[in-house]
Amino acid sequence: MTIRVLEIHHHAIRIDADQPKLDAVRSFYEGVLGLDADSGRPTIPGVPGFWINTGASGQIHLIAGAQPSPLAKGPGQDPTIPHVALACRRYSGDQGRPRPAQRPVLVDDRHQRARG
């Protein structure tokens, strides 16, 4: 059974937390690329950054701050590391099949959203 990818949800990239560099990164994405920051991004203590909208549904998450972040649940379990999140058809589990490189498959239905 393969996972059917519908679209990219977001791609998370680590950036420098120094305020002048944060400002320069935001200016590049907004001023040079013409993309808008998502005003709905919550304030996350210890994790500054931006969510940049890239069309009808995709985003680039620009994440700063020290690692491990305050959101880390343990070694190797920090959601602020660079990653890609894909929107997929409902996934019913691996049904006993090994996962590539033994990486976990994380399913999070909370992020189903629509932007206008």
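Please identify the pairs in which a residue from segment 10-35 that is over 12 Å from F50 (Cβ atoms) has its Cβ atom under 7 Å from the Cβ atom of a residue that is among the aromatic types (F, W, Y) and open to solvent by 60 Å² or more (accessible area, probe 1.4 Å), counting only partners at least 6 apart or on another chain.
Note: no pairs meet the criteria.
Is it the case that A64 is touching a residue at least 40 places away in the same chain (Cβ under 8 Å) and hydrophobic (A, V, I, L, M, F, W, C)?
Yes; evaluated as a whole, the condition is true for this residue.
Any residue that is open to solvent by less than 60 Å² (accessible area, probe 1.4 Å), at pLDDT 95 or above and not in a loop (DSSP other than H, G, I, E, B) - is there at least one of those in segment 77-99?
Within segment 77-99, none of the residues are open to solvent by less than 60 Å² (accessible area, probe 1.4 Å), at pLDDT 95 or above and not in a loop (DSSP other than H, G, I, E, B).
Look at R41 and say whether it is open to solvent by less than 70 Å² (accessible area, probe 1.4 Å), part of a loop (DSSP other than H, G, I, E, B) and of a type in the set (K, R).
Yes; evaluated as a whole, the condition is true for this residue.
For residues that are polar (S, T, N, Q) and within 12 Å of the chain's Cα centre (by Cα), scanning just segment 44-72, find the one that is most open to solvent (accessible area, probe 1.4 Å).
Among residues in segment 44-72 that are polar (S, T, N, Q) and within 12 Å of the chain's Cα centre (by Cα), the one most open to solvent (accessible area, probe 1.4 Å) is N53.
The values are calculated or read from the model by the stated rules, or taken from the named source; none is laboratory data. Computed from a predicted structure; not experimentally measured. Methodologically, a virtual Cβ is constructed for each residue, glycine included, from the backbone with ideal geometry; neighbour enumeration extends over all protein chains shown. Accessible surface is based on the protein model in full, side chains and every heavy atom, while ligands, DNA and RNA are left aside. Shrake-Rupley method; radii C 1.70, N 1.55, O 1.52, S 1.80 Å.
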